[in-house]
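K.L.:
First the structure, then my questions, so here it is.
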Amino acid sequence: MRLLVLGGSSFVGRALVTEGLARGWAVTTFNRGRGWADPRAERIVGDRLDPATLAPLGARDWDLVADTWTGAPRAARDSAAVLAPRAHRYAYISSCSVYAPPPPPGATEDTPTVAASPDAQDGDYAEVKRGAELAITAAFGERALLARPGLVLGPHEDVGRLPWWLSRMAAGGDVLAPGPPDLPLQLVDARDLARFVLDAAAAGLGGPFNVVSRRGHATMRTLLEACRDVAGAPDTELTWAPAEVVLDAGIEPWTELPAWLPPQHEYAALHDADVRRAHAAGLACRPVAETVADTWAWMRSLDGPPALRADLPAPGLDRAREEAVLRLLR
């Protein structure tokens, strides 16, 4: 298999490269030549925003293209146009954020999406992801697979959600744990996402797939207890707080307390997508404890804190604000 990964230098792109190499595939990446690279993979240096640099991609044949692009849809349009005559299939890592807000409980792949254009120069996250979907589908038709994950965790995460929880546990003391403890979560390890995408695309599957675990595969309790168990200091204790107490303190779900979306939140259904199609096609999600342990092992191998994406605000809660809520619970 000749796999071309557009990107491939961080998190999900890195997982795609690693998974492809593990299968013995011939892997090539196309990116600006910065960041991580596996020496076993060929690297073509170019810029998605400069169509002139795309020419090498159209000079050979590919069995599969995997793309993680989050940017101007026109860049996805331009690369897809170059690759459509030379690539057999195209797998795009999109997002469940493409569904029109707020997402309904049990959203299927047929749920209405945000308005977007394949020719757009910019847009918010949902608009650029949906615009890229439209651009790639226009070029590849049924040969395009659209993976729509939600919460993606695992080693090499560059958003910082799971690393923040692990670092907080390592700092010790009472940790504000937002309830309810048995709040069901949906998530996917980047490595399981990569495995599913390559399997499904190689099998000839196309169209959209909600690529996350089944609802309740993990809960806030199992996630945070796993973080405490691997990274906690001797005095680390989870202090569970009712959702109302946390919200009344002005603490933002998802951003300040990563992964948490309480039942009353307008986006709570991000943890309630219909995932039957992906699981019927072979999606298998490892236990959350394994994802947590592997992420902590990766963090401990670094010389400093994990590098985060510059285009996103760092997640996490200020310790003074956390302590103010903890005092209310004592």
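K.L.:
Within the range 209-222, is there a residue that is over 30 Å from ARG143 (Cα atoms), of a type in the set (S, T, N, Q) and outside any helix (DSSP H, G or I)?
P.N.:
Yes: one or more hits.
K.L.:
Checking PHE30 against (1) open to solvent by 10 Å² or more (accessible area, probe 1.4 Å); (2) farther than 30 Å from GLN186 by Cα; (3) of a type outside the set (Val, Ile, Thr); (4) not in a loop (DSSP other than H, G, I, E, B), which test does it fail?
P.N.:
(1)
Yes/no matrix, rows are residues, columns are (1) open to solvent by 60 Å² or more (accessible area, probe 1.4 Å); (2) of a type in the set (Gly, Ala, Ser); (3) more than 18 Å from ALA281 (Cβ to Cβ):
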{"site": "PRO105", "(1), (2), (3)": "yes, no, yes"}
{"site": "ASP110", "(1), (2), (3)": "yes, no, no"}
{"site": "ALA116", "(1), (2), (3)": "no, yes, yes"}
{"site": "GLU127", "(1), (2), (3)": "yes, no, yes"}
{"site": "GLU142", "(1), (2), (3)": "yes, no, no"}
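K.L.:
Please name all residue pairs, on different chains or six or more residues apart, with Cβ atoms under 6 Å, provided the first residue is in the range 247-268 and is in contact (Cβ under 8 Å) with a residue 60 or more places away in the chain and of a type in the set (Lys, Arg) and the second residue is surrounded by fewer than 17 Cβ atoms within 10 Å (Cβ to Cβ) and assigned to a loop (DSSP other than H, G, I, E, B).
P.N.:
Cβ pairs passing all conditions: none.
K.L.:
Looking at ASP47, ASP78, can you tell me which residue is acidic (Asp, Glu), open to solvent by less than 60 Å² (accessible area, probe 1.4 Å) and part of a loop (DSSP other than H, G, I, E, B)?
P.N.:
Numbers: ASP78 fails: part of a loop (DSSP other than H, G, I, E, B).
Answer to the check: ASP47.
K.L.:
OK, next. Which one of these is in contact (Cβ under 8 Å) with a residue 24 or more places away in the chain and open to solvent by less than 60 Å² (accessible area, probe 1.4 Å): GLY282, GLY304?
P.N.:
So the residue among GLY282, GLY304 that is in contact (Cβ under 8 Å) with a residue 24 or more places away in the chain and open to solvent by less than 60 Å² (accessible area, probe 1.4 Å) is GLY282.
The values are calculated or read from the model by the stated rules, or taken from the named source; none is laboratory data. This is a predicted model, so every value here is computed, not measured. Heads up, the Cβs are rebuilt from the backbone with ideal geometry, glycines too, and the neighbour counts pull from every protein chain shown. Please note that ligands, DNA and RNA were not included when accessible areas were found on the heavy atoms of the full protein model with its side chains. Shrake-Rupley method; radii C 1.70, N 1.55, O 1.52, S 1.80 Å.
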